Amino acid sequence: MRLGGYLMDMAYTWLILGIIIAFILIGVQFYIKRFLNIKRIVELFLLSFLVFTVGIGSLWAFTGHLFFPNQVASNIGWAVGNPFQMEVAFANLAFGVLGLLCFWIRGNFWTATVIGVSVFYLGAAVTHINNMLSVSNHASGNVGAALITDILIPLLLIGLLIAYKVVEERAVRSAIKSLERSL
């Protein structure tokens, strides 16, 4: 397999790594505290996807687009030597940094990161599909792992973020009711 193909096929790795790390974090939390609620489980999955799937995965994509642009472009089925690679590289760098910062910065920062990454990934998916339909580009980097993860990752992130916001709101309401009863 060429280097560009290897870089592109790593897309699944970051998704799977996000899932594995989430289960490890849940196991550690359960072992330490012997108690987990749905809010904490959803939070750990979302955190894991943001830090590992988005953060490290985007840094990996940055590396490929910046340092191996011709190999990556060839794997996608696009013309080599195009400056779009550097633009995509720095977009990936930005999302990689945002994903990593999610470890330390929570709240609406997570929401902004999910929205930005989702727009970028879904926009990339539309571009891959358009390229497949308009010029019959069926290269593995255009319609393979990249396309699937460009759709799947935003759906997972958005779903987890919505679930997290819902369970967080329920926890706040429950705490308020408990406080009101004690007064």
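The values are calculated or read from the model by the stated rules, or taken from the named source; none is laboratory data. Here the structure is a predicted model, which means the values were calculated and not measured. Every residue, glycine as well, gets a Cβ built from its backbone with ideal geometry; the counts of neighbours run over all protein chains shown.
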Segment 157-183 residues that are at pLDDT 95 or above, paired with ones that are part of a helix (DSSP H, G or I) and among the small types (Gly, Ala, Ser) (beta carbon under 8 Å, 6 or more apart): Leu157/Ser118; Ile158/Ser118
Counting just the residues of segment 67-83 that are surrounded by fewer than 18 Cβ atoms within 10 Å (Cβ to Cβ) and part of a helix (DSSP H, G or I), which one comes out modelled with the lowest pLDDT? Asn70
Exactly one of (1) within 20 Å of the chain's Cα centre (by Cα); (2) at pLDDT below 95 is unmet by Leu122. Its number? (2)
Any residue in segment 128-150 that is part of a helix (DSSP H, G or I) sitting within a Cβ distance under 6 Å of a residue that is hydroxyl-bearing (Ser, Thr, Tyr) and crowded, with 20+ Cβ neighbours inside 10 Å? List the pairs, counting only those 6 or more apart or interchain. Asp150/Tyr121
